Amino acid sequence: MKLNEIGIRRFLQVSSTLVIAGLLLEIVSLLWFHPLSFVLFAFVAATLIGLGILVYLVSLVFVAAPSAEPHNIRQQPR
């Protein structure tokens with residue numbers, strides 16, 4: 001399955017889910033008074049947000065890129 005067939009909507013759903021999960025983990029780590037809360041904040045939550053941003057940028061590059069093949073040109077009979 002090609003990236004163009006999946007569509008940008010699915011990529012946006014995945015990227016927004018990753019970013020929201022990362023933000024929620026950051027909120028939890030700010031409310032949690034424990035040394036491991038920094039690990040949760042710095043590594044897990046920041047990684048989720050970074051992956052969400054990366055998926056968004058990949059969706060812009062691969063889905064929005066124009067294809068080289070013309071789609072609406074009909075072949076005339078010879």
Yes/no for Ser67 being in contact with a helix residue (DSSP H, G or I) (Cβ under 9 Å, 6 or more places away or on another chain) and at pLDDT 90 or above: no
Qualifying positions in segment 11-35 - hydrophobic (A, V, I, L, M, F, W, C) and over 21 Å from the mean Cα position of the chain (by Cα): Val28, Leu30, Leu31, Trp32, Phe33
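The values are calculated or read from the model by the stated rules, or taken from the named source; none is laboratory data. Keep in mind it's a predicted model, so treat the numbers as computed, not measured. Every residue, glycine as well, gets a Cβ built from its backbone with ideal geometry; the counts of neighbours run over all protein chains shown.
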